[in-house]
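**Q** One structure, as structure tokens, below. Some questions next.
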Amino acid sequence: NVAVGIDAGGSSTRARAVSGGTIVHEGAGGPGNPVMADRQTLHESYRAALAGCPSPRRVAACVSGTTDESKRAQVLDLLARRFPGAVVRVMPDFLGSVMAAPPGTDLCVVAGTGSVVCSRDAAGNCRVTGGSGWVLGDHGSAARLGQAALEYFVADPDRASASLAGAVGQLFGRSDWRTVVRAVHDAPNPAPLLARAAPLLTRAAEDRVRWASELLDDEMSRLAASAASHIEQYLPGRHELQVALSGGVWTSTAARASFITALQRACGRHVAASRSPVDPLDGAVRLAEAREQPAWRAVGD
């Protein structure tokens, strides 16, 4: 009685299979977002993550970019072909984070390659703010943080510190600004590349470098404004809020501190925010294992 949970985003696809409470498979592949990745890349990512996975009875895939029905159907077809005997469900990636959030969580703020703010109502519906992609939104996400760092570097490479130039060189092979520009423009999907540059910003901010702290605070203030708007619309009257932070951006202490300060200021309420101790992949596994599935319905702001 195998159940498979999948957590897929703009940078990676992760899968875990469990049977009777025991992990029987774990795998990882490349980008799994059908909006950002072409069909071939998508197939290769899921093939790598699921290579050697035993046949399951149920699959729950929490995948970014699947609020669009056609994109959801694309991933659903891929997984149904891979596991023809299984009950397969494909849903937005943030649902894995919501399911993994600690009990009593009022608000979940996800910041990985992209970013989104979400909460559940009493009926199990998921209310969502953000998630419009790094070009027009996703403030505070790894893609936006990496973009900010690279913009700073290419604007005036001569002012860059030796450590920044060295980190750019490690990421792009050369620390020449033209190389950086070409790499970003030539990338078929820039978001994962930009996301890999996010530590250039967060590490410098943790070292209290002024330009990095200012850019990080700007991004986190914008994400906090989105969260405050969500709170005002969906969680009115709450004087204290339990906020779960999910996603790779929150491994940075500077990012967490900047966001919490900005959110306190933006919503004017007491905020208790901390990183979710449970991996969103575990949330996807919980969805796969559940015999009675909750009636999820994403509600936009």
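**Q** Those residues that are without any contact (Cβ under 8 Å) to a residue 24 or more places away in the chain and under 16 Å from residue 161 (Cα atoms), I need them from the range 206-226; list them, please. Full working, then the answer.
**A** Of the range 206-226, the ones without any contact (Cβ under 8 Å) to a residue 24 or more places away in the chain are 207-208, 210, 214.
The answer is 207, 208, 210.
**Q** Has the range 3-17 got at least one residue that is touching a Cys at 6+ places or on another chain (Cβ under 6 Å), modelled with pLDDT of 90 or more and of a type in the set (Asp, Glu)?
**A** Kept after step one, since they are touching a Cys at 6+ places or on another chain (Cβ under 6 Å), are these residues of the range 3-17: 7, 17.
Those left that are additionally modelled with pLDDT of 90 or more: 7, 17.
Next cut, of a type in the set (Asp, Glu) only: 7.
Yes, the range 3-17 contains at least one residue that is touching a Cys at 6+ places or on another chain (Cβ under 6 Å), modelled with pLDDT of 90 or more and of a type in the set (Asp, Glu).
**Q** Please find, within the range 45-66, the residue that is nearest to the chain's Cα centre (by Cα) out of those that are under 10 Å from residue 93 (Cβ atoms) and part of a loop (DSSP other than H, G, I, E, B).
**A** First, pick out the residues of the range 45-66 that are under 10 Å from residue 93 (Cβ atoms): 61-66.
Add one more test, that the residue is part of a loop (DSSP other than H, G, I, E, B), and what stays is 64-66.
Details: 64: 8, 65: 11, 66: 13 Å.
So the residue we want is 64.
**Q** Could I ask something else about it? Name every residue in the range 1-55 that is closer than 23 Å to residue 290 by Cα and among the charged types (D, E, K, R), in order of residue number.
**A** Hits for the range 1-55 are 7, 14, 16, 26.
**Q** Same structure again: Quick one: is residue 148 open to solvent by less than 30 Å² (accessible area, probe 1.4 Å), at pLDDT 85 or above and closer than 30 Å to residue 99 by Cα?
**A** Details: open to solvent by less than 30 Å² (accessible area, probe 1.4 Å): yes; at pLDDT 85 or above: yes; closer than 30 Å to residue 99 by Cα: no.
Criteria not met by residue 148.
**Q** Another one. State all residues of the range 3-48 that are β-branched (Val, Ile, Thr) and open to solvent by less than 20 Å² (accessible area, probe 1.4 Å); if no residue qualifies, say none. Spell out how you get there, then give the answer.
**A** Just the residues of the range 3-48 that are β-branched (Val, Ile, Thr), to begin with: 4, 6, 13, 18, 22-24, 35, 41.
Within the range 3-48, 4, 6, 13, 18 meet the criteria.
**Q** If you don't mind, there's one more thing I want to ask. Which of the residues that make up the range 177-189 are open to solvent by less than 40 Å² (accessible area, probe 1.4 Å) and at pLDDT 90 or above? So that I can check it myself, show each step before the final result.
**A** In the first step, residues of the range 177-189 are kept if they are open to solvent by less than 40 Å² (accessible area, probe 1.4 Å); the result is 179-180, 183-184, 187, 189.
Across the range 177-189, the qualifying residues are 179, 180, 183, 184.
**Q** OK, next. For the range 240-288, which residues satisfy the criterion of being part of a loop (DSSP other than H, G, I, E, B), within 16 Å of residue 119 (Cα to Cα) and free of Cβ contacts under 8 Å to residues at least 60 places away in the same chain?
**A** The initial filter retains those residues of the range 240-288 that are part of a loop (DSSP other than H, G, I, E, B), namely 247, 252, 268-269, 276-279.
When the remaining residues are screened for being within 16 Å of residue 119 (Cα to Cα), the result is 247, 276.
The answer is none; no residue qualifies.
The values are calculated or read from the model by the stated rules, or taken from the named source; none is laboratory data. All values reported here derive from a predicted model rather than from experimental measurement. Backbone-built Cβ (ideal geometry, glycine too); neighbour counts: all protein chains shown. Each accessible area value is taken on the protein alone, full model and side chains, heavy atoms only, with ligands, DNA and RNA left out. Shrake-Rupley method; radii C 1.70, N 1.55, O 1.52, S 1.80 Å.
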